Amino acid sequence: MKQLKPAFIFAVILLALSFTIPAILVHPTKDKMEGELKELKEIKQKKTSKEEPSMEVAVFRSSTKKIEKLPLEEYVIGVVASEMPADFEMEALKAQALAARTYIVNQLMNSTDDDTIPEGANIVDTVNHQVYKNKEELKKQWGKDYEWKFKKVSEAVKATAGKILTYNQKPITASFFSTSNGYTENAEDYWKNQIPYLKSVESPWDTKSPKFNSQKVLTISEFEKKLGVKIGTGNDIGTITGRTSGKKVAKVNINGKDFTGREIREKLDLRSTDFTWARKGDSIVISTKGFGHGVGMSQYGANGMALEGKKYDEIVTHYYQGIAISNVDQIDDKKLASK
């Protein structure tokens, strides 16, 4: 066997080293770069999770008498799904999501000794606050339509995630209702206090709502008993003595007794305070326009605006005058941060 020359062996070793040394140098550099990228990614994730609102809502479930705790955005989905038809326009659903989120954030920030809210809960799941239903309840309600409806509502909530309505850097009282009589109400015309952003505005889209017109028939004895009045045998039932800025009944006098429009609505369980009545034999037929208290955002009005191409920000700034859309994490409040 022929022996290899030393010069040849040295050349082979040199060639091998030319491949090995760069590899030794490159691998630690690559590992280092990957490690640094991983570290940066973890820092970014920590920063993002810290900045995103992670509030929890404790909802008292009126049917089970138990408290259900869940993340803020999940709660908002359950409210929007319960308070507004899922087949409404996407922009109307987004506007509803903003109102619903603002309502609960305001509730979290301004918790009071409200004896209607059990200890340990932030809010109740009824119309006294906001109607809320969880996934299982929505599945029962929607049946075969559950998948597309839940997806649509979730998309609307996600599109506005973390955003609320504010006035002077504070969450507003984001009241809403079904259908107006063509105008919304000044807050002070239905409630006691004047609220600068809850002013009467036109809402002509509501005339297309299926809830715009309604009638209720009461016997004369029922009418007299509910209101504590006697109307006699004549056709004169009462006289409207004042109207609100939203063209609803502010005051009415029935046989010498004064009532506010709200009192009449609540005592007779009417759909709105825009009512007229007439005597028909032994009964009184009461006609109403609109459905709800009339303060804040009209849901059917919002959908009408969306059908005309208006975006959610245009909708909320129409119904809530002079407000801004802000991020929840920009609200400086110790109570909110501790939730």
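Being part of a loop (DSSP other than H, G, I, E, B), touching a residue at least 60 places away in the same chain (Cβ under 8 Å) and out of contact with any strand residue (DSSP E or B) (no Cβ under 7 Å at 6 or more places or on another chain) is a description that applies to LYS199. For THR102, are the conditions met, namely being within 19 Å of PHE176 (Cα to Cα), of a type in the set (Ser, Thr, Tyr) and in contact with a Leu (Cβ under 8 Å, 6 or more places away or on another chain)? Yes; evaluated as a whole, the condition is true for this residue. Output the residues belonging to the stretch 237-273 that are hydroxyl-bearing (Ser, Thr, Tyr), closer than 20 Å to VAL285 by Cβ and surrounded by fewer than 15 Cβ atoms within 10 Å (Cβ to Cβ). Matches in the stretch 237-273: THR239 only.
Does GLY143 qualify as being in contact (Cβ under 8 Å) with a residue 60 or more places away in the chain, surrounded by fewer than 20 Cβ atoms within 10 Å (Cβ to Cβ) and small (Gly, Ala, Ser)? So GLY143 fails the test.
Taking the stretch 243-259 as the range and being at positive phi and not polar (S, T, N, Q) as the test, the residues that pass are LYS247, GLY256. Suppose the filter is on the phi > 0 side of the Ramachandran plot and charged (D, E, K, R); does LYS216 pass it? Judged against the criteria, LYS216 is not a match. Of the residues that make up the stretch 247-257, is at least one of a type in the set (Gly, Ala, Ser), within 25 Å of GLN130 (Cβ to Cβ) and touching a residue at least 60 places away in the same chain (Cβ under 8 Å)? The answer is no, given that none of the residues of the stretch 247-257 is of a type in the set (Gly, Ala, Ser), within 25 Å of GLN130 (Cβ to Cβ) and touching a residue at least 60 places away in the same chain (Cβ under 8 Å).
Do we find a residue being part of a loop (DSSP other than H, G, I, E, B) and without any contact (Cβ under 8 Å) to a residue 12 or more places away in the chain anywhere in the stretch 89-103?
no
Assess whether ASN253 counts as being in a strand (DSSP E or B) and of a type outside the set (Ser, Thr, Tyr). Here the answer is yes, as ASN253 does meet what is asked.
I want to confirm something. Restricting to the stretch 258-305 and keeping residues that are of a type in the set (A, V, I, L, M) and outside any strand (DSSP E or B), which single residue is nearest to the chain's Cα centre (by Cα)?
It comes out as ALA302.
Just one of ILE104, ILE77 is touching a Ser or Thr at 6+ places or on another chain (Cβ under 6 Å), within 30 Å of GLY309 (Cα to Cα), modelled with pLDDT of 90 or more and surrounded by 12 or more Cβ atoms within 10 Å (Cβ to Cβ); which is it? That would be ILE77, the only listed residue that is touching a Ser or Thr at 6+ places or on another chain (Cβ under 6 Å), within 30 Å of GLY309 (Cα to Cα), modelled with pLDDT of 90 or more and surrounded by 12 or more Cβ atoms within 10 Å (Cβ to Cβ).
Would it be correct to say that LEU218 is more than 22 Å from ASP258 (Cα to Cα), outside any loop (DSSP other than H, G, I, E, B) and among the aliphatic types (A, V, I, L, M)? The answer is no for LEU218.
Which count do you get for residues in the stretch 111-136 that are over 23 Å from GLY292 (Cβ atoms) and either crowded, with 16+ Cβ neighbours inside 10 Å or not hydroxyl-bearing (Ser, Thr, Tyr) (or both)? Matching residues across the stretch 111-136 total 10.
Going through the stretch 141-176 one residue at a time, which ones are assigned to a helix (DSSP H, G or I) and within 29 Å of HIS293 (Cα to Cα)?
The answer is GLN141, TRP142, LYS149, PHE150, LYS152, VAL153, SER154, GLU155, ALA156, VAL157, LYS158, ALA159.
Screening PRO210 against (1) touching a residue at least 24 places away in the same chain (Cβ under 8 Å); (2) in a loop (DSSP other than H, G, I, E, B) leaves a single unmet condition, (1). As for the stretch 161-176, it holds no residue that is over 15 Å from VAL59 (Cα atoms), polar (S, T, N, Q) and in contact with a Lys or Arg (Cβ under 9 Å, 6 or more places away or on another chain).
When the stretch 183-196 is limited to residues that are touching a Ser or Thr at 6+ places or on another chain (Cβ under 6 Å) and in a loop (DSSP other than H, G, I, E, B), the one that is surrounded by the fewest Cβ atoms within 10 Å (Cβ to Cβ) turns out to be ASN186.
Test THR233 against the criterion of being touching a residue at least 12 places away in the same chain (Cβ under 8 Å) and outside the structural domain of ASP313 (by TED's automatic domain parsing), and give yes or no. Answer is no for this residue.
The values are calculated or read from the model by the stated rules, or taken from the named source; none is laboratory data. For clarity, every value in this text was computed on a predicted model and none was experimentally measured. In this analysis, Cβ positions are derived from the backbone assuming ideal geometry, glycine residues included, and neighbour counts consider all displayed protein chains.
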